[in-house]
Amino acid sequence: MKKGILIFSSLLYFLLPQISLAHSFGVSYNLPVPLWMYMYGGIATMVVSFLFVGYFFNKKSESLTYPKLNLSKFSFFGRLTHPSFLTALKIISVVLFLFTILTGLIGEDSSYSNFNMTFFWIVFVLGLTYATALFGNIYTIINPWKTITEWLVGKENQKIIKYPESFGYYPALIFYFVFIWIELLGHTTPLRLSLILIIYTILNDLGVMFLGKEIWFKYCEFFSVFFRLISKLAPIEYKSGKLYLRLPFLGLLKEKAEYFSLILFILFMLSSTAFNGFKETLPWSRFYFGYVDDVLGPILGSASYPVFETIGLLTFLGIFLGVYLLLIGLAKKTAKSSAPFQDLASCFIFSLIPIALVYNIAHYYTLIFSQGFHIINLISDPFGFGWNLFGTANSFSSIIVGANFVWHSEVAFILIGYIVSVYLAHIIALNVFPKGKEAFWSQLPMLTMMICYTMLGLWILSAPLTRN
């Protein structure tokens, strides 16, 4: 059985590519075959995968543990975890962070010609997400806000107030919502981005002073929460100063969400990306200008559209939450389980993280080609002053990727993510429900949810866009 798990998860993992940010083709594109055929094919793939997993993986494990190999005993990996090397990484991270702020403050206020926009949104937000999914939680080492607070208040600062347990991950969720709002609706410029980063740095320093470093970076600093969740997919784990090799994806089986707020955080990882794609489509635009603008426009003026999109962002989270809780309830009833409802919701939520990742991939990865490689040019002219310090200012332009490749790769990403999630949910069910047959039937509602998410994702990706 372990051999089957290894083969199954490894094949899926190495089929999984990197990630990125926004609707992939902004021009008119005709699908090679009708959308309904892709949907039928996707549904058939998921059903067959569900039956395959249910048939071959049908025994309960005594614990959701997995074999690990200590990589640190090998000299190369041991050097990667050496304190001096980690210190150097921290210093480089802080220098790049401060340089990102500096370029935004005194450089050209142009999104394309200023270093800080490309470095923050593409290299840091997207690139580090890819690296985390492949190599583990790098961010816990290079987190510039953590390093800065350690320099300012010390590594073991005394907290002033006790963190209320009822708060859970709500501070991180609020920060995450604000971040997504800024990304989608904030019309950020290099100067605004630098000011936002300065404000966020001050908030981190104050948070650590009042609550302590451990609590703040576990529950409140949203990048720490986000990257920690993504790292659970990686085949590499960093723990207690050592590197371990493990089966990919199975890090998601180690724990459950200890707070309802973490369930919301994971669902927002899904819903925010889905909303970002949906708000670019013609149906969304027609609904606003055909109905909503007539009501909100006279009242709110130019603020009506941002308010409408904010409501949409919250509504998508509510819909995803409602669907998830409904299907968890159906799974509980189908399995005739006596387990508390919230425990079941907490156990299965981690199986949705692969879907959140591939949603991100499918919607955003073309930015790596259209904007990511531009960072090589910006190294020579970071402020947009027309410099060519290292001779790379005109080295790279956007890499054009064919629409056929983009579409089929997006479909592949989505299906791979859902298959992995089906597998993980089934393994969790085998350990949650007492009988294998009950575990199998309990997953029918979850399969229904996966199919609905698949159809929604494919429809959003194929829907006509409102702008380039």
Go over the candidates Phe348, Phe316, Phe341, Phe320 one by one and state the one that is among the aromatic types (Phe, Trp, Tyr) and surrounded by fewer than 21 Cβ atoms within 10 Å (Cβ to Cβ).
Phe341
Quick check, is Phe177 at pLDDT 90 or above, closer than 30 Å to Gly277 by Cα, under 23 Å from the mean Cα position of the chain (by Cα) and open to solvent by 30 Å² or more (accessible area, probe 1.4 Å)?
yes
Residue check, Glu183 open to solvent by less than 30 Å² (accessible area, probe 1.4 Å), touching a residue at least 12 places away in the same chain (Cβ under 8 Å) and either more than 17 Å from Val225 (Cβ to Cβ) or within 25 Å of the chain's Cα centre (by Cα) (or both):
no
Residues that are in contact (Cβ under 8 Å) with a residue 40 or more places away in the chain: list the helices (runs of 4 or more DSSP H) wholly contained in the range 63-156 that include at least 3 such residues.
83-106, 128-135, 139-142, 144-153
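Please pick out the residue among Leu233, Leu243, Leu229, Leu247 that is over 16 Å from Thr140 (Cα atoms) and either buried (at least 21 other Cβ atoms within 10 Å of the Cβ) or touching a residue at least 12 places away in the same chain (Cβ under 8 Å) (or both).
The match here is Leu247.
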Arg286: out of contact with any strand residue (DSSP E or B) (no Cβ under 6 Å at 6 or more places or on another chain), surrounded by fewer than 22 Cβ atoms within 10 Å (Cβ to Cβ) and in contact (Cβ under 8 Å) with a residue 40 or more places away in the chain, yes or no?
no
Among the residues in the range 363-383, are any in a helix (DSSP H, G or I) and farther than 23 Å from Tyr112 by Cα?
no
Suppose the filter is in a helix (DSSP H, G or I), hydrophobic (A, V, I, L, M, F, W, C) and open to solvent by less than 30 Å² (accessible area, probe 1.4 Å); does Leu195 pass it?
no
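The values are calculated or read from the model by the stated rules, or taken from the named source; none is laboratory data. All values derive from a computational prediction rather than experimental measurement. Cβ atoms come from the backbone with ideal geometry, glycine included; neighbour counts cover every protein chain shown. Only protein heavy atoms, including side chains, enter the accessible area calculation; ligands, DNA and RNA are left aside. Shrake-Rupley method; radii C 1.70, N 1.55, O 1.52, S 1.80 Å.
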